[in-house]
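Let me begin by presenting the structure, written as structure tokens, before commenting on it.
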Amino acid sequence: MEKIKSEELRLRSQQEDNDIISFGLLCKVLRESRSEKFVEGWLQPLSMRYEVKENNHKYTIQTESYGVLDYFPKANKLLIRKDNKWVKPGLRWIINNLIK
């Protein structure tokens, strides 16, 4: 994933005349920037400690203490499969419980 995608969407929203379409593009910019932040900043340290697999914009993390986790970076949600529990914000939970 490249940062270019969010920047490209931001430019398209600025050039758009229709406010509703522009707002929709800005929502996409927010989702893409969340995904880019995770991939660029936190994926490598997480991959060094745990087995991480990417599948269709979802990351599956295999841990010993929490079991299998599914992280959706665009929505910033985390599913703990063992407890069937959703955690939001997911990235903060990952940083506090898995990386630190």
Relative contact order of segment 1-56, defined on C-alpha pairs under 8 angstrom at six or more residues apart (%): 34 percent
Prolate/oblate/rounded label for segment 48-100 (Cα gyration tensor, a/c 1.5): rounded
Sum of -39500 (n - 2.57) over DSSP H runs of 4+, divided by residues of the chain (222 nm, nearest 500): -13500 deg cm²/dmol
Quarter of the Cα convex hull surface for segment 20-62, i.e. its orientation-mean projected area (nm²): 3.3 nm²
Given charges at Cβ of Lys, Arg, Asp, Glu: segment 3-99 dipole, positive-most of G41, I94, L30: I94
Mean separation of Cα contacts under 8 Å (6+ apart) over length of the chain, as relative contact order %: 17 percent
Spatial extent of the chain: Rg and Dmax, with the Cα atoms as the point set, Å: 15.4, 51
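Throughout, read-outs are computed from the coordinates displayed, never taken from laboratory work. The structure displayed is predicted, hence computed values, not measured ones. Note: ideal-geometry Cβ built from the backbone for every residue, glycine included; neighbour counts use all protein chains shown.
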